[in-house]
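Participant: Shown below is the structure under consideration.
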């Protein structure tokens, strides 16, 4: 297993790869920060290591996610006033503004219907594992659809 995953995204296809790696990642609300002067949104997650070979069992790793060129951040159905509230990330999606405009909306979709919407001038994201893996308390399960 690669314990030092680093990925970058500059288009929707790249972001799909980051989204797949972060599926079922968990975080506390206090681990999300928007720095408007730097136009950066950053978050810390405990991601499930889907790419692991499972010989060592199910694993999680601390990872950082950031977006640059962020113009605004809006939340929907998230407990922003509860810093210790835990959320589970389902997916990250990008909707471009138009064919000639590199900007658009990045949406982080959480279990329970919560979301963060980032208006970006251009898609510029990065994911970096920050620590070694540890044993996961369980394996995320999804209903068949």
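Participant: In the range 40-61, what residues are over 12 Å from the mean Cα position of the chain (by Cα), surrounded by fewer than 19 Cβ atoms within 10 Å (Cβ to Cβ) and in contact (Cβ under 8 Å) with a residue 40 or more places away in the chain?
Facilitator: 51, 52, 53, 56, 57, 58
Participant: Right, next: Which condition number in (1) closer than 19 Å to residue 115 by Cα; (2) in contact (Cβ under 8 Å) with a residue 40 or more places away in the chain is the one that residue 95 fails?
Facilitator: The failed condition is (2).
Participant: Quick one: how many residues across the range 24-33 are assigned to a strand (DSSP E or B) and surrounded by 17 or more Cβ atoms within 10 Å (Cβ to Cβ)?
Facilitator: Residues that pass the stated criteria total 3.
Participant: Given the residues 111, 82, 115, which is the only one that is touching a helix residue (DSSP H, G or I) at 6+ places or on another chain (Cβ under 9 Å) and surrounded by 10 or more Cβ atoms within 10 Å (Cβ to Cβ)?
Facilitator: Details: 111 fails: touching a helix residue (DSSP H, G or I) at 6+ places or on another chain (Cβ under 9 Å); 115 fails: touching a helix residue (DSSP H, G or I) at 6+ places or on another chain (Cβ under 9 Å).
Criteria check complete, one pass: 82.
Each value in this text was obtained by applying a stated rule to the coordinates, not by laboratory testing. Here the structure is a predicted model, which means the values were calculated and not measured. Note that we place each Cβ from the backbone using ideal geometry, even for glycine, and neighbour counts take in every protein chain shown.
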